[in-house]
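In what follows, a structure is listed as structure tokens, so that the remarks can point back to it.
Just so it is clear, none of the values below were taken in a lab; they were calculated from the coordinates. Since we're looking at a predicted model, the values are computed, not measured. Don't worry about glycine lacking a Cβ; one is built from the backbone with ideal geometry, like all the others, and counts go over all protein chains shown.
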Amino acid sequence: MSYEVTELPTKTLAAPKTKLVQPQITKPLNIAFQRICKCGPTHINCMTPKDWLKSQIGVWQFYYETRDVRNKTVHPATFPISLAKKVMELFTHQGELVLDPFVGSGTTLVAAQDLNRNAVGFDLQKTYIDLCKNRLASNNLFNESIQMSIQADARNIPEYIKPESLSLIWTSPPYANLLNRERKNKSRRNRNNEQLGKVEQYSQDERDLGTMALDDYTKVMGDIYEGLLPLLRPKAHCVINVPDMWWENKRITIHVALIEELRRRGYELRNVIIWDRTNIVNGIGIFGWPSNYITMGVTFEYLLDFWRPPIAQS
């Protein structure tokens, strides 16, 4: 099957003089990727020892802010800006290049703009590309970095990014066909609410990973990430945010499938971090009581931290 790449014309937005003009979409992109901070050459980030110590804890919590997209009619599965910033601060320096292969609502790009990181995000849907551009325009911070959103299939990203130019791949991808079904609201006390019967899927495009069963989804994710691996610097990190799900009373372990698949494709798993969402989840009902114990998947998700292994010395 062939996959068509759709490129959107870029619109130059009014910006401060210190803000670089967004480059035209070319193959490869002409976008900076070298650090501009004064950290030591062996440092993996700009963190202070105090901030580094906080990041050693393997369970993280985050809060939403007013700039976050919370409306599911705008995007069905968003994450906080604070989460994206935490990952970027941990694995990149100012000026380095971050990739989000499934950029969605553009939270990764907003976080990169806040932190003075260059970033590129890709998505199949023009609606989300437009949303990204609007969010970046309204943020409008003074820095020296560029953030770009491109409408294209993630399989074609290697055409746009130079080899070994990425310092981080970070994304929350579609979760197989987790959202591609009608909501039954079995865990909610008020089942007849605005979510009952809805399909909260990104699209029904056959290329959309959110329409795929787990086996197909895992293979396509493997194909995409195998193509992205040469774009990472050696020892640069790749972090993927995913949950598991319940389907017909069976636990579908998306995070295990992705760990195994990316290992086969050349990545090395470094850490599994738990995103504890209990502080931002409201209205949890009784799920499974009194005869079937099932943990609520909405209360935590996995942050799978891989890297590109260092090149062996001959």
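List of remarks:
- Ranked by the mean number of other Cβ atoms within 10 Å of their residues, highest first, the peptides 83-96, 297-310, 258-271 fall in the order 83-96, 297-310, 258-271.
- Shown for region 22-138 is the translational diffusion coefficient from the Stokes-Einstein equation, using the Kirkwood radius over Cα pairs, a temperature of 4 °C and a viscosity of 1.567 mPa s: 84 µm²/s.
- Close amide H contacts of Ile161 (hydrogens built in the peptide plane, cut-off under 5 Å, sequence separation of 5 or more or a different chain): Leu29.
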